[in-house]
Amino acid sequence: MVTALGEASPSSLLVDHLWKVFGDSPGKAIEMADKGLSRSEILAATGCTVGVRDISFDVSPGETFVVMGLSGSGKSTLIRCAARLIEPTKGKVIIDGADLLTMSDDDLRQVRRNKLSMVFQHFGLFPHRRVIDNVAFGLEVQGMSKSERHERAEAVIKVVGLEGWETHYPQQLSGGMQQRVGLARALALDPQVLFFDEPFSALDPLIRRDMQDELIRLQAELHCTIVFITHDFAEALKLGDRIAIMKDGAFDQIGTPVEIVTKPATDYVREFTKDVPKAKVITASAVIDAGVVAAPNAPRLHMNTPVEQLVPHLLHSGDAVAIFDDAGRILGAVDRESVARVLTEG
């Protein structure tokens with residue numbers, strides 16, 4: 001079992017030892033799982049399927065936490081349990097200090113209306129409602145007046161790049177535009193936590209890439225707290241501040257994209273990372289060498305600059321490059337040898 005409970009900052013979301021067992025003998029299934037038996041062994045012995053197996057993690061305010069797994073790994077079951085769309089068997093899901101699993105139906109509805117939003121693969125738009133009314137639907141449910149909710153909806157529509165399409169109907173929009181409407185509907189509620197369940201999987205590759213870029217742009221602007229489900233490892237690397245790799249209902253590894261790629265914890269994770277171009281994932285901060293000193297007039301690059309963008313500077317000048325953080329402070333330096341050493345590890 002892999003756990004990742006944060007210590008440095010308060011959590012927007014905390015999932016604590018969460019289980020979901022499908023079947024008539026969940027207690028027996030959990031007992032067998034605690035003894036180390038596999039999902040298939042538990043199924044054969046009890047007829048129960050362990051969908052989510054003792055998962056713990058937290059998500060800090062403004063973080064994008066990506067859960068990546070293949071079909072059947074349990075990732076969609078996990079996010080549905082976290083939102084309590086299906087009832088977990090055991091565990092806690094804490095939002096704003098309150099456990100969703102112990103809430104009354106009324107309290108849970110209030111959380112979903114005010115603190116939690118979901119974006120699904122299938123857009124779920126109302127075909128008879130215009131874009132602005134689709135976006136404002138959650139505000140309507142909250143009881144907000146029409147003028148207020150339209151004002152809020154118009155602001156969010158502008159944020160997601162759909163200004164001028166407010167009076168159109170969903171069938172008049174492309175797939176990517178429809179997904180933007182779904183995203184705007186979720187953002188209109190100003191939620192504390194946003195859940196994305198493979199939202200871009202049904203889109204064509206080019207549109208999917210555009211939506212990924214759009215989400216990155218929005219995240220830089222709005223600093224949302226996001227849990228993002230995907231089966232696409234490249235998408236996970238592109239979007240995630242941290243990534244959890246899921247297999248058979250449990251997490252194999254949790255880490256930053258750099259940690260996942262450079263230090264895979266299991267053979268399963270290693271299979272995903274073996275063909276990843278490290279230079280696109282590893283950033284300047286990961287290759288700083290304490291023994292390297294940059295000249296006072298050396299080029300300066302941000303710590304999040306991918307290594308592949310460092311290489312031209314290093315080849316051109318032949319000298320070390322200075323690396324700075326968000327506050328403009330110099331963290332250290334990188335030269336060609338330190339980059340080559342990291343890229344050839346493993």
Checklist entry - Are there trypsin sites (Lys or Arg not before Pro) in region 295-346 that DSSP marks as loop and that have at most 12 other Cβ atoms within 10 Å, and which are they? => result Arg329
Checklist entry - For region 1-128, what is the accessible area per residue in Å², given a 1.4 Å probe and the full set of protein chains? => result 48
Checklist outcome for this item: Once Asp210, Asp252, Asp58 are ranked on solvent-accessible area with the largest value leading and a 1.4 Å probe, the list reads Asp210, Asp252, Asp58
Item to check | Unit charges on C-beta of K, R, D, E only; dipole of region 208-345, Debye | outcome: 140
Item to check | region 182-222, accessible area per residue, ligands and nucleic acids excluded (1.4 Å, Å²) | outcome: 40
Checklist entry - Relative to the Cα centre, what is the charge dipole magnitude of region 261-301, using +1 at the beta carbon of each Lys and Arg, -1 at the beta carbon of each Asp and Glu, and rounding to the nearest 20 debye? => result 100
Checklist entry - What are the semi-axes of the equivalent ellipsoid for region 165-277, taken as the square roots of 5 times the Cα gyration tensor eigenvalues, largest first, in whole Å? => result 29, 15, 12
Next on the checklist: How are the alpha carbon pair distances in region 54-111 distributed across 5 Å bins from zero to the largest one, expressed in percent?
Outcome noted: 4, 16, 26, 26, 18, 8, 2
Next on the checklist: Using only alpha-carbon positions, what ratio does the radius of gyration of region 155-231 give when scaled by 2.2 N^0.38 Å?
Outcome noted: 1.05
Next on the checklist: Quick check: the distance between the Cα centres of region 77-92 and region 285-313, to the nearest angstrom?
Outcome noted: 44
Item to check | Entries of Lys28/Lys90; Lys92/Lys238; Lys90/Lys263 with Cα pairs more than 24 Å apart | outcome: Lys92/Lys238; Lys90/Lys263
Checklist entry - Near the amide H of Ile229, under 5 Å away, which other amide H atoms are found, from residues 5 or more places off or on another chain, if H is placed in the peptide plane? => result Val67, Phe196, Asp197, Glu198
Item to check | Exposed-loop-free span, longest in the chain, where GluC sites (Glu not before Pro) count as exposed if DSSP calls them loop and at most 14 other C-beta atoms lie within 10 Å | outcome: 164-344
Checklist entry - When N counts the residues of region 111-239, how does its alpha-carbon radius of gyration compare numerically with 2.2 N^0.38 Å, as a ratio? => result 0.99
Checklist entry - Ignoring ligands, DNA and RNA, what percent of the accessible area of the chain is carbon or sulfur (1.4 Å)? => result 51
Item to check | For the chain, built as a Gaussian network whose Cα springs stay under 10 Å, the top-fluctuating residue of Val141, Val67, Val156 | outcome: Val141
Checklist entry - For the chain, with only Lys/Arg (+1) and Asp/Glu (-1) charged at the beta-carbon, what is the dipole magnitude about the Cα centre, in debye rounded to 20? => result 440
Item to check | Relative intensity, log₁₀ I(q)/I(0), of the chain from a Debye sum that treats every alpha carbon as a point, q = 0.07, 0.10, 0.12 Å⁻¹ | outcome: -0.36, -0.70, -0.96
Next on the checklist: Please list, by residue number, every one of the trypsin sites (Lys or Arg not before Pro) in region 178-276 that is coil in DSSP and has at most 14 other beta-carbon atoms within 10 Å.
Outcome noted: Lys274
Checklist outcome for this item: Between the modelled labels at Lys35 and Asp275 (7 Å from Cα along Cα→Cβ) the distance in nm is 4.0
Checklist outcome for this item: Placing one equal point scatterer on each C-alpha of region 46-188 and summing with Debye, one gets log10 I(q)/I(0) at q = 0.14 Å⁻¹ equal to -0.80
Checklist outcome for this item: Given the candidates Ala327, His316, Gln192, the one whose Cα lies deepest towards the positive end of the charge dipole of the chain, counting +1 at each Lys or Arg C-beta and -1 at each Asp or Glu C-beta, is Gln192
Item to check | Top positive-direction residue, dipole computed over region 102-185 with Cβ charges, set Met144, Leu162, Gln110 | outcome: Leu162
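The values are calculated or read from the model by the stated rules, or taken from the named source; none is laboratory data. Quick caveat, the model's predicted, so the values are computed rather than measured. Virtual Cβ from ideal backbone geometry, glycine too; neighbours counted across all protein chains shown. Areas reflect the complete protein model, heavy atoms only, side chains present, ligands, DNA and RNA absent. Shrake-Rupley method; radii C 1.70, N 1.55, O 1.52, S 1.80 Å.
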